[in-house]
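Okay, structure first, notes after.
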Amino acid sequence: MTFFDYEMLKLIWWVFIGVLLVGFSIMDGFDMGVAAWLPFLGKTDDERRVIINTIGATWEGNQTWLITAGGAIFAAWPLVYAAAFSGLYIALLLVLFALFFRPVGFDYRSKLADPRWRNGWDWALFVGGAVPALVFGVAFGNLLIGLPFYYDDTLRSFYTGSFWQLLNPFALLCGVVSLSMLMMHGAVYLQLRADGAVQKRAQKSALVTGILCAVSFALAGLWVAFGIDGYRLTSVHDLNLAINPLSKTVEKVSGGWLVNYQTYPWMILAPITGFAGIGLSLLSAHFKHERTAFIFSSLTIMGVILTAGFSMFPFVMPSSTNPISSLTLWDAVSSEKTLGIMFVVTIIFLPLILAYTSWVFKVLRGKVTVQSIKDNTHTAY
């Protein structure tokens with residue numbers, strides 16, 4: 001089916017899923033960030049409608065990145081999908097229910113002119129933006145600590161923790177990193193698409209959340225280095241053989257998540273990109289180079305996510321209950337045939353997704369103003 005062996009296909013799909021997660025965080029990240037700012041940056045109904053309409057025409061298309069990433073994890077990493085949905089069921093439902101507020105909020109907010117009605121939906125849209133951004137960060141934090149699950153001899157997974165255990169201090173700090181990062185991204189996007197008072201408030205808000213993101217990202221890095229144990233493979237089966245998560249040996253070691261930066265020094269570019277992106281984005285926003293600020297904000301997201309991915313490599317879902325049950329990119333995957341078919345499908349359709357997304361944003365570029373809302377009152381949100 002492809003020119004690659006099983007081992008290479010496993011590595012390729014680790015890269016593909018990383019690309020999808022970064023794409024989702026960049027494209028749907030500014031939607032969530034804008035929604036999280038809605039009750040605070042819009043002081044009048046017209047201003048709030050401007051904020052909503054900066055993302056109203058594209059948020060559904062951006063959300064397909066989440067659906068695609070979820071489908072890719074289901075198909076490429078079925079063991080991760082199964083274990084995550086078993087153990088993180090309540091957290092994932094919380095994200096799902098929060099996301100429900102987005103389509104309903106966009107559609108129903110302007111149906112009535114009652115200020116209480118509209119204000120209620122504004123807060124619903126805030127929940128739909130802020131809660132997923134926070135929970136995704138908390139989830140990544142728990143992956144770095146390790147999730148309390150294990151496999152028995154028949155490869156049945158058992159989750160030994162609870163929802164409240166997920167809300168530990170380190171995971172909440174990672175949630176702050178995620179929320180502040182996406183709110184900065186949303187504020188930069190608002191500076192690009194809005195004008196007047198909303199644009200000025202967005203510029204100041206980007207500065208606040210950018211500083212918070214940089215500080216919390218640095219604190220999380222120090223915590224990873226000195227406060228939590230990482231995981232290390234001590235032996236592994238033939239990477240071209242069929243999967244069996246229990247056929248390896250794993251140990252927890254202090255500073256284990258920093259080993260890859262010694263083995264592969266180029267990986268240090270990920271956290272450097274994260275920090276540099278924040279600074280350059282805020283600097284560009286200050287000098288009103290909105291497009292440049294958005295590009296650097298996107299690089300920030302890429303750098304932060306790659307920092308987590310590079311630190312954990314090759315782990316994708318460590319187990320704190322039984323480290324041997326930890327899932328890696330080598331043993332959490334589908335069959336070679338499945339990965340090969342999906343590889344062909346991906347190299348065909350991923351460029352198409354990128355092409356039509358670029359075309360849509362090119363067509364819909366430009367500022368959203370109060371006057372444009374009034375001129376299109378029956379079609380604008």
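Worth a mention:
- Efficiency of FRET between residue 7 and residue 374 - r from beta-carbon atoms, R0 45 angstrom, step 0.05: 0.15
- Efficiency of FRET from Cβ geometry, residue 352 and residue 253, R₀ 41 Å, rounded to 0.05: 0.40
- Of the residues 209, 357, the one with the fewest other Cβ atoms within 10 Å heads the list, and the complete ranking is 357, 209.
- GNM on the chain, alpha-carbon springs under 10 angstrom: the most fluctuating residue among 326, 162, 281 is 162.
- Inter-probe distance in nm under a simple model that places probes 7 Å from Cα toward Cβ, at residue 288 and residue 162: 5.5
- Straightening the chain between residue 44 and residue 97 buys 16.3 nm, computed as 0.36 nm per residue apart minus the Cα-Cα spacing.
- Ranked packing of 226-232, 362-368, most packed first, by mean Cβ within 10 Å: 226-232, 362-368
- Within segment 110-131, backbone nitrogen closer than 20 Å to the virtual label 7 Å beyond the Cα of residue 208 toward Cβ: 122-131
- When volume of the Cα convex hull per residue in Å³ is computed from the coordinates, the matching label among [x] 134; [y] 190; [z] 123 is [x].
- Note, ³J(HN,Hα) from phi for segment 279-286, Karplus 6.51, -1.76, 1.60, rounded to Hz, x at Gly and Pro: x, 5, 5, 5, 5, 5, 5, 4
- The modelled label-to-label distance between residue 107 and residue 90, using points 7 Å beyond Cα along the C-beta direction, is 3.0 nm.
- In plain terms, the chain from residue 263 to residue 338 could stretch by 23.9 nm, reckoned as 0.36 nm per residue minus the Cα-Cα distance.
- Beta bridges by DSSP in the chain, antiparallel share as percent, to the nearest 5: 90
Every read-out reported here was derived from the displayed coordinates using simple, explicitly stated rules and does not represent laboratory data. Model, not experiment: these values are computed from the prediction. Neighbour counts are summed over all protein chains in view; Cβ atoms, including those assigned to glycine, are modelled from backbone coordinates with ideal geometry.
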